[in-house]
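Here's the structure, in structure tokens; my notes come after.
Every read-out reported here was derived from the displayed coordinates using simple, explicitly stated rules and does not represent laboratory data. Model, not experiment: these values are computed from the prediction. All Cβ positions, even for glycine, are placed from backbone atoms using ideal geometry, and neighbour counts span all protein chains on display.
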Amino acid sequence: MSSLIRLATLEDAKAISTLAITTFHMACPASTPAEDIKSYIENNLQVECFENLLQSSQKKLHVLEFEGRIIGYSMLSLAPEPVGIPKADGIAELTRCYVLAEFHGAGYAQKLVSATLQSISGGVRLLVNDENDRAIKFYTRQGFSPVGETSFYVGQDKHRDLVMVNF
């Protein structure tokens, strides 16, 4: 069973959008209102959104393929807005990293993170919901460590996120 990680192309926008919509709920606490998840998806995860992201020089998207099917994706923001934490400002941000649930535990997400981090030089930060224990443990195993907290909105629902960095 072979997998491939590569830079995403404009032709991948529809597949990435479908994957993003399918996996987004994994990042949200169970208490997140359904209407806020729907709003976030409608405003951030549609095909047109990914077409715009793929054409931005400030974004870098990777896809993870398994037997020719896109099963994961990651996105780096090369010049993200500051979060007010000195160790986390001025570095790229891993803004998205998702793998279909059926492929969890097989090492694919680790390969995707590793390839994504190797694609740039310097440190990388990420935000992860403070209630997402699985993701926090995963990112800790990938060398990320918490340096503070910030807020992230899903629709109108305010979430508390850990800011983690990897140098």
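Computed extension length for Q118-I21: 32.3 nm, one decimal, from 0.36 nm per residue of separation with the Cα-Cα distance subtracted.
A straight Cα-to-Cα reach below 24 Å connects K14 with the lysines K38, K59, K60, K111, residues fewer than 8 places away in its own chain not being considered. State the label only: which of (i) 1.07; (ii) 0.92; (iii) 0.97 corresponds to Cα Rg over 2.2 N^0.38 Å computed from the shown model? Structure-derived value, by its label: (iii). Its DSSP H runs of at least 4 residues, each contributing -39,500 (n - 2.57), put the calculated 222 nm mean residue ellipticity of the chain at -9000 deg cm²/dmol, to the nearest 500.
Computed extension length for H104-A30: 24.7 nm, one decimal, from 0.36 nm per residue of separation with the Cα-Cα distance subtracted. Sorting C97, C49 by the number of Cβ atoms found within 10 Å of their own Cβ, with the fewest placed first, yields C49, C97. Amide H to amide H distances under 5 Å link K59 with L78, where only residues 5 or more positions off or on other chains count and H is placed in the peptide plane.
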